[in-house]
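Taking it in order: structure first as structure tokens, then the write-up.
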Amino acid sequence: MLELRLVQGSLLKKVLESIKDLVNDANFDCSSTGFSLQAMDSSHVALVSLLLRSEGFEHYRCDRNLSMGMNLGNMSKMLKCAGNDDIITIKADDGGDTVTFMFESPTQDKIADFEMKLMDIDSEHLGIPDAEYHSIVRMPSNEFSRICKDLSSIGDTVVISVTKEGVKFSTAGDIGTANIVLRQNTTVDKPEDAIVIEMKEPVSLSFALRYMNSFTKATPLSDTVTISLSSELPVVVEYKVAEMGYIRYYLAPKIEEEEDTNP
Amino acid sequence: MNRSGISKKRPPPSNTPPPAGKHRATGDSTPSPAIGTLDDEFMMEEDVFLDETLLYGDEDEESLILRDIEERESRSSAWARPPLSPAYLSNSQSIIFQQLEIDSIIAESHKELLPGSSGQAPIIRMFGVTREGNSVCCFVHGFEPYFYIACPPGMGPDDISNFHQSLEGRMRESNKNAKVPKFVKRIEMVQKRSIMYYQQQKSQTFLKITVALPTMVASCRGILDRGLQIDGLGMKSFQTYESNILFVLRFMVDCDIVGGNWIEVPTGKYKKNARTLSYCQLEFHCLYSDLISHAAEGEYSKMAPFRVLSFDIECAGRKGHFPEAKHDPVIQIANLVTLQGEDHPFVRNVMTLKSCAPIVGVDVMSFETEREVLLAWRDLIRDVDPDIIIGYNICKFDLPYLIERAATLGIEEFPLLGRVKNSRVRVRDSTFSSRQQGIRESKETTIEGRFQFDLIQAIHRDHKLSSYSLNSVSAHFLSEQKEDVHHSIITDLQNGNAETRRRLAVYCLKDAYLPQRLLDKLMFIYNYVEMARVTGVPISFLLARGQSIKVLSQLLRKGKQKNLVLPNAKQSGSEQGTYEGATVLEARTGFYEKPIATLDFASLYPSIMMAYNLCYCTLVTPEDVRKLNLPPEHVTKTPSGETFVKQTLQKGILPEILEELLTARKRAKADLKEAKDPLEKAVLDGRQLALKISANSVYGFTGATVGQLPCLEISSSVTSYGRQMIEQTKKLVEDKFTTLGGYQYNAEVIYGDTDSVMVQFGVSDVEAAMTLGREAAEHISGTFIKPIKLEFEKVYFPYLLINKKRYAGLLWTNPQQFDKMDTKGIETVRRDNCLLVKNLVTESLNKILIDRDVPGAAENVKKTISDLLMNRIDLSLLVITKGLTKTGDDYEVKSAHGELAERMRKRDAATAPNVGDRVPYVIIKAAKGAKAYERSEDPIYVLQNNIPIDPNYYLENQISKPLLRIFEPVLKNASKELLHGSHTRSISITTPSNSGIMKFAKKQLSCVGCKVPISNGTLCASCKGREAELYCKNVSQVAELEEVFGRLWTQCQECQGSLHQDVLCTSRDCPIFYRRMKAQKDMAVARQQLDRWSF
């Protein structure tokens, strides 16, 4: 028996919006510690990792570990039916082939039940081992989103370089080039507007903007985004999900020879 | 391919390796890196080989040389043709032979036979074989090229000499270096008639112009076309007649010789020269008027014992390049020589460069230099003296390669392969283009006196296949696979030892053997000889030329009998306009569970031409219609508005040709029924087929606007009658078979196409439908002019009519048992779909039509779709092939196969497909919104890198349309039921081994039982206790996969003909190859899982 009650139902809606463009079908893993997902995007270049810890739910019951295969497109269709203030409860039986989403309005005058058929997805569990990163940049999430959007109108690859000066996002395309430099800035009114750069070693890596833009779909989840970079490791773009967890995107850096093998 | 990986997983070798010391004793057999791990197994055989070399070693050098000479002599005697009988030697017997090749040369005219003439003259050469198997070369003298022109009005017999002189003068100007005393030999007045248009007068005066050499016909025609100044008549240009006919064909027509028939030259009429010009056993000269041509009947319908040589060569290419004659040596040539009509070859040998271990039943001839190999092959050709040379792709590759290679090595005596002494074989590029076949580029290698028959060309011509590699062609026709050794491996095998070269030799022999098998199986010799006999063209024309020459040859023969001459068609460009084709009645689609009777017009177009007397010579020009004032009862006006006279005034020669063809076919079919001898049967069957094809191509000849003698008035009239008849049949059936007319039900015509009409009579048993069908056919035939005949042949029951040109049904010709399933236009035959679609459609149709089990069919489809989503489908079923017609840059729209070819070229230029190849590919998963051309991938690359295929592409773009077409008439909500049911909710997401993020990601352990991620061990907490069950499942899974792999491996070993050698084959055409690779991979994964259990 699985029963998860999330008061801030809109969180789940936003989580889904932020991954459904990258992943079509995936297994949600439920254990006593939390509700999680790991999946590659369909081109096998990026990886999404989601964790919602049990403490964040108002009520969390998970009798045995469960893997629930869902089509994220269909799941998103159902969650769109929930109001932004609704309380969402996820229910499933052990070994059942459906999952139920229950939406309660804050005033308790409307209760809706949506039952979705589960899928049986045979895939491997993947994870990126934790590592020490050379540079970590924390910045406002909407700023990052804006930068990615702007750069993608000029080129399709972004070079992110972290130096003593700050962090530089640059691209080049047929029409010209673009460079955006952000400097460390902690003297702001609101802590979420701060730009914090922790640099142990300077790094410079290039990434496909197409994926970066998909990652910024998670902007509504959190005011800040953390970008961790290391040469020879995939970049991690992390958004916190309230106090209860995170959504992390991993993206392999672009290497020139790769052009041939990965069209 | 990781070879060492494979050998580890292979079932353990059964033979124990011999002691290592023995191995070392062989000395020179250091294992080559290419065969690495396999050496253990070679040793057993190598020892045998060693013993033999030791034996040789005992003898002294002299006896070795003696032995060598003996060997050579015994070979020569085995290769040679039977000796000439004394009767032939003493010239006391008339020579009867079957000719295969006819060509013409220009040489000094024969003084003895033609005492009056001198200078250069055309001489016809005929090559053939006598009944005893002796080769014949016959020089025919005295036949002269000629053509006709219409005699201008006002020109009398007295003007001819004048005309002759001015023509001779003009000819001399334009042919300055010809060595003939006289260009225009004769001009005679003859009474002939043009074949074009109905004419009331019986004949007109024509001038027959005889010239000295065949090439002068064209230049003379040019002069006459442009115009000639004639005294008293002024500048005149002339329409020429029969001036574009090949000299050889002209000769055959005039002497009544057809391709491949028997020729007799009576005793005393032939002269032998002391100095022979050819290598043939019987070489003689005779006059064309002394030839006796035998019609192919009785004793003369048989085949002479031709010698057929089938060969294949292997070349050692450099790494990354396709072999080129400029650089890469010829290392092996395998030969098989068979006597026509016998089952087994009498010569079977392989010539190898460097030593080669013996092969049972094969004469292995090893040489130290490439020069010796090539010369040995030339000796073989000369001694065996084959009449027909066959092989696979020999015209484009093997023959030109040998010639070019010999030129590179400077072996001047090599290219003397023909039957004519001192004549070198030449190679030139040729293009062949025809409306029916498209444009094909090829090389033409002329080997005088030997007929080359390249199986790839013949199969290309007669069969539509998804791949024309020798491998897939033999799989298709012989149900036999061969191993496909990639050309880059060939070099490694050659550089190995005698054993690896033996391996290569076995492979090479197989490549020489398969063309012979295909030739026998598809009865090419019989069918082509019969076709040549029926249409009267030399056999070599059948492969090298299109359809129209065959009809032209028949027209010429018939015209000669009727005193008609054919005008030289003006090549007025391709666009003479088009005309309306056949009609297709509106299809009433659906699934019919009552018998559908099919009424067919037998040979519709030929019979229309016969019934309405449609011909060049019965067509009345609109002008003549007004002028001649023909009585209406003697003319027919066709639905397309043309006027033709009826038989009463003039019988057309096309109808006459057709009549003869069809009666001949009837006779051949009747004889076929009575024939007992299988060879005779083969000849007769080939003949009736040739007759049928020829009858049908007459119509096409009149409609070919770029052809020899197009006449759209005829072809459009034929189709207009065809349309009318289909409509009329529909009306007659629906009017007669009604409840009002006393029948049980109202009949309904549900579909009709070109020459057939499908009728539902409403009765529900097959027998009743057959009776009604017969009645209808008889009734309706009666309303048409003879010989147009509507035949009732078959009943479809049940019948699935999908739309125009697409249907499937069970075909019944007797009421007890259906004959087969018949489909048209359905994906069972299309080439650009993957095999999965073909299989699925076939299975579904079988279930729906034969088992009448619609739910079962739907269930089967669902299961397959589920397998597809779960990645349980063989990759070979998903491969799509498309022909690469141009390089990637030239495609205007990016195409999946073009882009892939381009990408593969960047990866490895050697293995990338070239223009003209068919490119196999699969569609892989990629980022959202990626185009299909970005997602195409080489199947082998996909297998090696574990790249996930995109099941949704296959579901939506390949499977869904053809399946829904079939299922929509029989199943409600077919799309929802089949494509979106619960079976689509189980999917498998495979992890690729090399892509972007996978370089960093780590696979996490998950529970063997329920797939939940765990940190260590094999099972999660909640699955504890199920160990026994899950372990057993795992073990049995591994065992099962091992068995599957073992079987596939053995299959491949059997195919390569050796059970103790590694499998090298990487054939992209072979489904077993893909299955083997997949089984190997699956087995590795399952084993890994098994290893996780640590008890």
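The values are calculated or read from the model by the stated rules, or taken from the named source; none is laboratory data. What you are looking at is a predicted structure, and each value in this text was computed from that prediction instead of being measured. Please note: Cβ atoms are built from the backbone with ideal geometry, for glycine as well, and neighbour counts cover all protein chains shown. Surface accessibility is based on the protein's heavy atoms, side chains included, excluding ligands, DNA and RNA. Shrake-Rupley method; radii C 1.70, N 1.55, O 1.52, S 1.80 Å.
Once a ≥ b ≥ c are taken as the square roots of the eigenvalues of the Cα gyration tensor of region B:199-256, is the result rounded (a/c under 1.5), prolate (a/b larger than b/c) or oblate (a/b not larger than b/c)? The shape class here is oblate. How big, in percent, is the set of alpha carbon pairs in region A:2-117 lying more than 21 Å apart? Counting every Cα pair in region A:2-117, those more than 21 Å apart make up 34 percent. Less than 10 Å Cβ to Cβ from B:PHE143, Lys/Arg counted +1 and Asp/Glu -1: what total charge do the surrounding residues give? Summing Lys/Arg as +1 and Asp/Glu as -1 gives -1. Here the extension length gained between B:ARG588 and B:SER293 equals 100.6 nm, from 0.36 nm per residue of separation less the Cα-Cα distance.
Be a star and scan region B:294-313 for residues whose amide nitrogen sits under 13 Å from the point 7 Å along the Cα-to-Cβ vector of B:ASP677. It comes to B:297-305, nothing else. Note on B:THR267/B:ARG226: beta-carbon distance plugged into 1/(1 + (r/R0)^6) with R0 of 45 Å gives a FRET efficiency of 0.35. B:ARG405 exposes around 20 Å² of accessible area when a 1.4 Å probe is run over every protein chain in place.
By the gyration tensor of its Cα atoms, with a ≥ b ≥ c the square roots of the eigenvalues, what is the shape of chain B: rounded for a/c under 1.5, prolate for a/b over b/c, or oblate?
Numbers: a/c = 2.25, a/b = 1.25, b/c = 1.80.
It comes out oblate by the Cα gyration axes.
Helix A:9-19 axis versus longest C-alpha principal axis of chain A: approximately 50°, rounded to the nearest ten. For region B:395-409, list residues with backbone N below 17 Å from a point placed 7 Å from the Cα of B:ARG426 toward its Cβ? Counting backbone N atoms under 17 Å from the label point, the list is B:400, B:403-404, B:407.
Mean-square fluctuations from a GNM of chain A, with a 10 angstrom spring cutoff on Cα atoms, peak among A:LEU51, A:LEU182, A:LEU37 at A:LEU182. Using all pairs of distinct alpha-carbon atoms, the Kirkwood hydrodynamic radius of the protein assembly as shown works out to 38.2 angstrom. Ranking of B:ASP822, B:ASP383 by solvent-accessible surface, largest first: B:ASP383, B:ASP822 (1.4 Å probe, protein heavy atoms only, all chains present). Total buried accessible area between B and A, probe 1.4 Å, nearest 100: 3400 Å². Once you have a ≥ b ≥ c as the square roots of the Cα gyration tensor eigenvalues for region B:94-302, tell me rounded if a/c is under 1.5, and otherwise prolate or oblate according to whether a/b is larger than b/c. It comes out prolate by the Cα gyration axes. The order of B:ARG81, B:ARG907, B:ARG1068 by accessible area, most exposed first and with a 1.4 Å probe, is B:ARG907, B:ARG1068, B:ARG81. Over 18 Å apart at the Cα level, from the set B:LYS464/B:LYS882; A:LYS217/B:LYS1002; B:LYS794/B:LYS961; B:LYS838/B:LYS863, are A:LYS217/B:LYS1002; B:LYS794/B:LYS961. Applying 1/(1 + (r/R0)^6) with R0 = 22 Å to the Cβ-Cβ distance of B:GLU767 and B:MET821 gives a FRET efficiency near 0.65. Considering only A:LYS110, A:LYS20, A:LYS168, the mean-square fluctuation computed in a Gaussian network model of chain A, springs between alpha carbons under 10 angstrom, is largest for A:LYS110. Note on chain A: percent of Cα-Cα distances in each 5 Å bin, starting at 0 and stopping at the bin with the largest distance, equals 1, 6, 12, 16, 18, 15, 11, 9, 7, 4, 1, 0. Remark: relative contact order (chain B) = 9 percent; criterion is Cα-Cα distance under 8 angstrom and separation of 6 or more residues.
Per-residue ellipticity at 222 nm, computed for the protein assembly as shown from helices alone with -39500 (n - 2.57) per DSSP H run of at least four residues, works out to -10500 deg cm²/dmol. Each of B:HIS486, B:HIS460 has its accessible area taken with a 1.4 Å probe; listed largest first, they run B:HIS460, B:HIS486.
Note down the net charge around B:LEU691, summing +1 for each Lys or Arg and -1 for each Asp or Glu among other residues with Cβ under 14 Å from its Cβ. It works out to a net charge of +3.
Label zone of B:ARG667 (point 7 Å out along Cα→Cβ, amide N under 14 Å): in region B:293-312 this covers B:295-301. Between B:ALA87 and A:ASP174, the distance separating the two model label sites (each 7 Å from Cα on the Cα→Cβ line) works out to 8.4 nm.
Spacing of the modelled spin labels on B:ARG852 and A:ARG61, each 7 Å from Cα toward Cβ, amounts to 5.5 nm. Using θ = phi - 60° in the Karplus curve 6.51 cos²θ - 1.76 cosθ + 1.60, the 3J(HN,Hα) couplings for region B:506-518 round to 4, 4, 5, 4, 5, 5, 7, 6, 4, x, 4, 4, 4 Hz; x is entered for Gly and Pro. Note that region B:849-977, at 37 °C in a medium of 0.692 mPa s, gets a Stokes-Einstein diffusion coefficient of 200 µm²/s from its Kirkwood radius over C-alpha pairs.
Rounded to the nearest 0.05, the FRET efficiency derived from the C-beta distance between A:GLU124 and B:HIS980 at R0 = 25 Å is 0.40. Fully extending the segment from B:GLU1029 to B:SER355, taken as 0.36 nm per residue of separation minus the present Cα-Cα distance, adds 236.9 nm.
Only protein atoms count toward the accessible area here, which uses a 1.4 Å probe; on chain A, the carbon and sulfur part of that area reaches 45 percent.
3J(HN,Hα) along region B:109-123: 6, 6, 6, 6, 6, 10, x, x, 10, 8, x, 6, 8, x, 10 Hz, from the Karplus curve 6.51 cos²θ - 1.76 cosθ + 1.60 with θ = phi - 60°, whole Hz, x for Gly and Pro. What the Cα convex hull of region A:135-254 gives, in volume per residue, is 100 Å³.
Each Cα pair under 8 Å and six or more residues apart adds its sequence gap; the mean of these over the residue count of region B:998-1095 is a relative contact order of 23 percent. The length gained on full extension between B:GLN165 and B:GLU956, counted as 0.36 nm times the residue separation minus their Cα-Cα distance, comes to 277.1 nm. Distance between the 7 Å Cα→Cβ label points at B:LEU478 and B:THR705: 4.4 nm. Taking all Cα pairs closer than 8 Å and separated by 6 or more residues, the relative contact order of region A:141-263 comes to 22 percent.
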